[in-house]
1. Can you tell me which residues in region 231-248 are hydroxyl-bearing (Ser, Thr, Tyr), farther than 17 Å from TYR194 by Cβ and at pLDDT 90 or above?
2. Kindly indicate the residue of region 194-248 that is touching a residue at least 40 places away in the same chain (Cβ under 8 Å) and among the hydroxyl-bearing types (Ser, Thr, Tyr) and also farthest from VAL159 (Cα to Cα) among those meeting that condition.
3. Scan THR221, THR162 and give me the residue that is under 25 Å from ASP95 (Cα atoms) and either touching a Cys at 6+ places or on another chain (Cβ under 8 Å) or buried (at least 19 other Cβ atoms within 10 Å of the Cβ) (or both).
4. Please specify each residue of region 184-226 satisfying the condition of being β-branched (Val, Ile, Thr) and over 37 Å from the mean Cα position of the chain (by Cα).
5. Quick one: in region 172-187, which of the residues that are touching a Lys or Arg at 6+ places or on another chain (Cβ under 7 Å) and open to solvent by 20 Å² or more (accessible area, probe 1.4 Å) is modelled with the lowest pLDDT?
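The values are calculated or read from the model by the stated rules, or taken from the named source; none is laboratory data. Since we're looking at a predicted model, the values are computed, not measured. When we count neighbours, we look across all protein chains shown, and the Cβ atoms used for this are built from the backbone with ideal geometry, even at glycine. To get the accessible areas, we keep the full protein, side chains included, count just its heavy atoms, and leave off ligands, DNA and RNA. Shrake-Rupley method; radii C 1.70, N 1.55, O 1.52, S 1.80 Å.
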Amino acid sequence: MLAISRGLKRSLYHLRMLLAAGALVASPAMAQINTVDPNDVIDSDLGTPAPATAPAVDVAPTVQDGVPTEAPATLPETSTASPAISTEATYQQDDLIGAAEGVFGKSAQGLGKLIEDILKKEGRPNAYIVGREGGGAFVVGLRYGSGTLNHKVEGKMPVYWTGPSIGPDVGANAGSTFVLVYNLYDTEDIFKRYPAGEGVAYLGGGFNASYLARGDVVLITIRVGAGIRLGTNIGYMRFSKKQRWLPF
């Protein structure tokens, strides 16, 4: 009886050991089991493709004041109309030739061509002077003139000028004067002394041109007149708002 009891205990002990070993083997197997959605399996079997997404479009960012900004979703429609062109504050060639012919008359030979050549070289002026002057010289010369300054922005105003000179220059002449004025942004700048130098040759009539400059302001003076005068001189022209009798 004692032998049977001991045999039963050994059998139960072996059974418990087998059950424990089976549990240890089953645990890793249970850990590797994954749950599967049946719908996913069905979809994969049918080969249904995933919905495609639209490719992203690279849009260059706009830059404002040196800082990149977000590009708009849609580009605004561009207007085909030409931008408005502002009128330049200078005189056209036809206006200048017309003004010069009003002073000298259309009979002045080569006057239009002379003005055209000056404009090609110097560009268009923003002011001009029309007037008359007279002068004479015997080594030392004097000149007096008066006229109207026409400024593209500031309008019209009277001007007067005097001009002492010195040099191998003899004779007298009188006539009309037309002056192209460049870079005169303030009309007050005209009322100063402008160094001058010219050669003069009047034998009954003719015209000549001379350049005067002070700073950025440039004056190109065209004179047409009558008289007898021959020589060269240097001096200056002084412009003023009122008539001056002293030339200096």
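1. Correct list: empty.
2. THR232
3. Working: THR162 fails: under 25 Å from ASP95 (Cα atoms).
On inspection, the qualifying residue turns out to be THR221.
4. Here is the first cut: in region 184-226, the residues β-branched (Val, Ile, Thr) are 187, 190, 200, 217-218, 220-222, 224.
VAL200, VAL224, listed by residue number.
5. Only one residue tops the list, namely ASN173.
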